[in-house]
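Structure first, then comments.
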Amino acid sequence: MCTGAGIASVDTVTAPIDPTTTAAWSRLSALRDSFQPDLRGWFSADADRVRDLTRTVGDLHVDLSKNLVTPEVLDALIDLAGETGVRERFAEMLRGAHLNTSEDRAVLHTALRRPAGAEPALVVDGQQVDHDVHEVLDRLSAFADRVRSGEWRGVTGKKVTTVVNIGIGGSDLGPVMVYEALLPYADAGIRARFVSNIDPTDIAQKTADLDPETTLFIVASKTFTTLETLTNARLARDWLWEKLAAAGAIDDTDAARTDAVAHHFVAVSTALDKVAAFGIDPANAFGFWDWVGGRYSVDSAIGLSLAITLGPDAFRELLAGFHTVDEHVASTPVEQNVPVLMGLLNVWYTNFLGAQSHAVLPYAQQLHRFAAYLQQLTMESNGKSVRWDGTPVTTDTGEVFWGEPGTNGQHAFYQLIHQGTRLIPADFIAFVNPAYPLADDGRDVHGLFLANFLAQTKALAFGKTAEEVEAEGTTGALVAARTFPGNRPTTSIFAPSLTPAVLGQLIALYEHITFTQGTIWGINSFDQWGVELGKQLALQIAPAIEGDDDALAAQDASTAALLAYYRDHRA
Ligand code: F6P
């Protein structure tokens, strides 16, 4: 199946179908031309609308009824999935086809959450995938247990109380998001911190109050070449040596330093040779494979910080949650297939109704990093202008994903969603039961919180007419200011509680929404060439920052002027 460097032979995968040439696209265009959004009218004319547009996947109850769709639009979208081969492409992904054509790789994050002993065993490109995945998972779990129980000790014999994950992009955003979301499950007295930015402020502040004797660093990098991560790892190593020496815990010898690293550094990477070259004992390294994209890797060994802080059982529950949605997406007809339907709705909004962004609004403070996580997942995946065979896309692609938890967002940007001129489809995510059931003067605070979730989706859908405003006694110009147009589309995702399994389901839901959209657009959602140029230029510009005049002279006028400003103002 491998074809070497460059774009893989497209005959190994289905060639992209131009969605704009399909009959479904023509129908959708015609429907769009006469489209009159009318959620009030649709709800009053159809008593079954909510029932007909509510779906479940795992523990997720997904109400699609407040979306701007009629049965005709939905039918055409479902046909679009059929004509562009969405389900076939899911099947190709799951069997290990090289869907990542530009890197000629399989795309197998779904294999990371297959249960042990799943039949038939997955063998891809000669690799016993299930075997290898579970071997690493078992090692990782055993290591996590050793740290949690205190069997693993620092160089001075103390138990680990803080793990610091050093990584960036997919080697950071997934772990930090899940850690924050599942913090109530952190039951071993071990907390995590996450260092990602090459801005030295990040590591300086995150280590400032740490005790080196009780700190374990996890260097998490798929490639183990990432500038930010390797720089921070070296800074962390220097910090460890310096602090331990200052405390009299180690002496000034290479042997003592090596011993300190062996006790306080572990790594996660696909490049175990580079891990060893950094000085980390390969016995303390956990691998994964090039068929796991960085933004799809939180369920690989990249989740080591989670297995340590939340426990291996919680980590496995998270994986089981992912798998629930993988099975759903693979075996459910499009009409009932939640990720595919949500991806289709996003295509409707992006390509037919002119939406440029998509808000994700969790009514769960624990999900305060969810939107940041989704930004990499969705925008690094689908922010592309060429298709998987190298030809230009034929329509707009990846929308901008953004968001903040409610109710904070209500007091910040919701104004624009309610009354602005732009169409912003939004996903609301909420949980029936809170992690912290608190009462205010006898009132359940979580209940009040949920009332806001329900109120917002209702206001967005149905608005408030001028007549309703006037009926409240408002007159003149204020009537228009107080009118809400409604017909602002939302999807409500409700689940009983934010458990590890439910979080896994949520993440997998968005992974598959992203893949659905990428497939329709003909995009390879698994490469990220767009981040390369900036990385190369930073390396070229760094010498100019450090005083190299030739490097300065090689810059364009604007960059040179900014460098001159830097030199003039440097303290
Ligand atoms: O720069 C983008 C990227 O390659 C992401 O896709 C990836 O998640 C991140 O950098 C970190 O890469 P690594 O895990 O190899 O350090």
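Confirm whether Thr225 is of a type in the set (Val, Ile, Thr) and either within 13 Å of the ligand (Cβ to nearest atom) or more than 18 Å from Ile190 (Cα to Cα) (or both).
yes
Are any of the residues in segment 336-348 among the aromatic types (Phe, Trp, Tyr), part of a helix (DSSP H, G or I) and surrounded by fewer than 22 Cβ atoms within 10 Å (Cβ to Cβ)? Break it down into steps so the answer makes sense when it comes.
First, pick out the residues of segment 336-348 that are among the aromatic types (Phe, Trp, Tyr): 348.
Subsequent filtering for residues that are part of a helix (DSSP H, G or I) retains 348.
From the residues that got through so far, the ones that are surrounded by fewer than 22 Cβ atoms within 10 Å (Cβ to Cβ) too are none.
No; the residues of segment 336-348 include none that is among the aromatic types (Phe, Trp, Tyr), part of a helix (DSSP H, G or I) and surrounded by fewer than 22 Cβ atoms within 10 Å (Cβ to Cβ).
Is it the case that Phe352 is in the same structural domain as Val73 (by the TED database), surrounded by fewer than 24 Cβ atoms within 10 Å (Cβ to Cβ) and of a type in the set (Phe, Trp, Tyr)?
Yes: the conditions hold for Phe352.
Does Ser525 fit the bill of being within 15 Å of the chain's Cα centre (by Cα), modelled with pLDDT of 95 or more and not in a helix (DSSP H, G or I)?
It is true that Ser525 is within 15 Å of the chain's Cα centre (by Cα), modelled with pLDDT of 95 or more and not in a helix (DSSP H, G or I).
Within segment 526-536, does at least one residue satisfy the condition of being surrounded by 13 or more Cβ atoms within 10 Å (Cβ to Cβ), away from the ligand (no atom under 16 Å from the Cβ) and either over 21 Å from Tyr296 (Cβ atoms) or of a type outside the set (Lys, Arg) (or both)?
No; the residues of segment 526-536 include none that is surrounded by 13 or more Cβ atoms within 10 Å (Cβ to Cβ), away from the ligand (no atom under 16 Å from the Cβ) and either over 21 Å from Tyr296 (Cβ atoms) or of a type outside the set (Lys, Arg) (or both).
Would you check if Leu506 is part of a loop (DSSP other than H, G, I, E, B) and in contact with a helix residue (DSSP H, G or I) (Cβ under 9 Å, 6 or more places away or on another chain)?
no
Please specify each residue of segment 432-486 satisfying the condition of being of a type in the set (Lys, Arg) and assigned to a helix (DSSP H, G or I). Explain how you work it out, then say what you get.
First, the residues of segment 432-486 that are of a type in the set (Lys, Arg): 443, 458, 464, 482.
Lys458, the sole residue that qualifies.
Would you mind telling me which numbered condition in (1) under 22 Å from the mean Cα position of the chain (by Cα); (2) more than 30 Å from Asn100 (Cα to Cα) Phe401 fails?
Unmet for Phe401, out of (1) under 22 Å from the mean Cα position of the chain (by Cα); (2) more than 30 Å from Asn100 (Cα to Cα): (2).
Going through segment 537-554 one residue at a time, which ones are without any contact (Cβ under 8 Å) to a residue 40 or more places away in the chain and either in a loop (DSSP other than H, G, I, E, B) or within 16 Å of the ligand (Cβ to nearest atom) (or both)?
Listed by number, the residues that qualify are Leu537, Glu546, Gly547, Asp548, Ala554.
Are there any pairs with C-beta distances below 7 angstrom linking a residue in segment 134-163 that is among the polar types (S, T, N, Q) to a residue that is in a helix (DSSP H, G or I) and buried (at least 19 other Cβ atoms within 10 Å of the Cβ), with the two at least 6 apart or on different chains, and if so which?
Matching pairs, first to second residue: Ser141/Ala307; Ser141/Pro312; Thr156/Glu213.
Looking at Ile493, Ile507, can you tell me which residue is within 16 Å of the ligand (Cβ to nearest atom), over 30 Å from Pro392 (Cβ atoms) and either assigned by the TED database to the domain that holds His446 or touching a Pro at 6+ places or on another chain (Cβ under 6 Å) (or both)? Working first, answer last.
Values: Ile493 fails: within 16 Å of the ligand (Cβ to nearest atom).
From the options Ile493, Ile507, the qualifying one is Ile507.
Only one of these is out of contact with any helix residue (DSSP H, G or I) (no Cβ under 7 Å at 6 or more places or on another chain) and surrounded by fewer than 14 Cβ atoms within 10 Å (Cβ to Cβ): Ala455, Ala466, Ala439. Name it.
Ala455
Can you find a residue in segment 323-340 that is over 21 Å from the mean Cα position of the chain (by Cα) and hydroxyl-bearing (Ser, Thr, Tyr)?
The answer is yes; a qualifying residue exists.
Can you give me the number of residues within segment 156-184 that are in a loop (DSSP other than H, G, I, E, B) and buried (at least 19 other Cβ atoms within 10 Å of the Cβ)?
Of the residues in segment 156-184, 5 are in a loop (DSSP other than H, G, I, E, B) and buried (at least 19 other Cβ atoms within 10 Å of the Cβ).
Within the set of pairs 6+ apart or on separate chains, which have a first residue in segment 368-380 that is aromatic (Phe, Trp, Tyr), a second that is within 14 Å of the ligand (Cβ to nearest atom) and in a helix (DSSP H, G or I), and C-beta atoms under 7 Å apart?
Here the result reads Phe370/Met177; Tyr373/Leu173; Tyr373/Gly174; Tyr373/Met177, each pair linking segment 368-380 to a residue that is within 14 Å of the ligand (Cβ to nearest atom) and in a helix (DSSP H, G or I).
Would you mind finding the one in Glu468, Glu532, Glu546, Glu472 that is acidic (Asp, Glu) and closer than 29 Å to His109 by Cβ?
Glu532
Across segment 398-413, what is the number of residues that are of a type outside the set (A, V, I, L, M) and surrounded by fewer than 22 Cβ atoms within 10 Å (Cβ to Cβ)?
Final tally of qualifying residues: 9.
Quick one: which residue in Asp299, Asp326 is assigned to a helix (DSSP H, G or I), outside the structural domain of Leu60 (by the TED database), within 26 Å of Ala116 (Cβ to Cβ) and of a type in the set (Asp, Glu)?
After ruling out the rest, the residue left standing is Asp326.
The rows are residues; the columns are (1) within 30 Å of Trp291 (Cα to Cα); (2) away from the ligand (no atom under 15 Å from the Cβ); (3) touching a helix residue (DSSP H, G or I) at 6+ places or on another chain (Cβ under 7 Å).
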position	(1), (2), (3)
Val195	yes, no, yes
Lys206	no, yes, no
Leu210	no, yes, no
Leu216	yes, yes, yes
Val219	yes, no, yes
Thr231	yes, no, no
Leu240	no, yes, yes
Leu244	no, yes, yes
Ala249	no, yes, yes
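Report every pair of residues separated by at least 6 positions or lying on different chains whose Cβ atoms are under 7 Å apart, first residue within segment 104-128 and over 19 Å from Arg139 (Cα atoms) and at pLDDT 95 or above, second of a type in the set (D, E, K, R) and in a loop (DSSP other than H, G, I, E, B).
Final answer for the pair search is Arg105/Asp290; Ala106/Asp125; Leu122/Arg114.
The values are calculated or read from the model by the stated rules, or taken from the named source; none is laboratory data. Just so it is clear, the structure is predicted and the values come from calculations on it, not from any experiment. All Cβ positions, glycine included, derive from the backbone under ideal geometry; neighbour counts span all protein chains shown.
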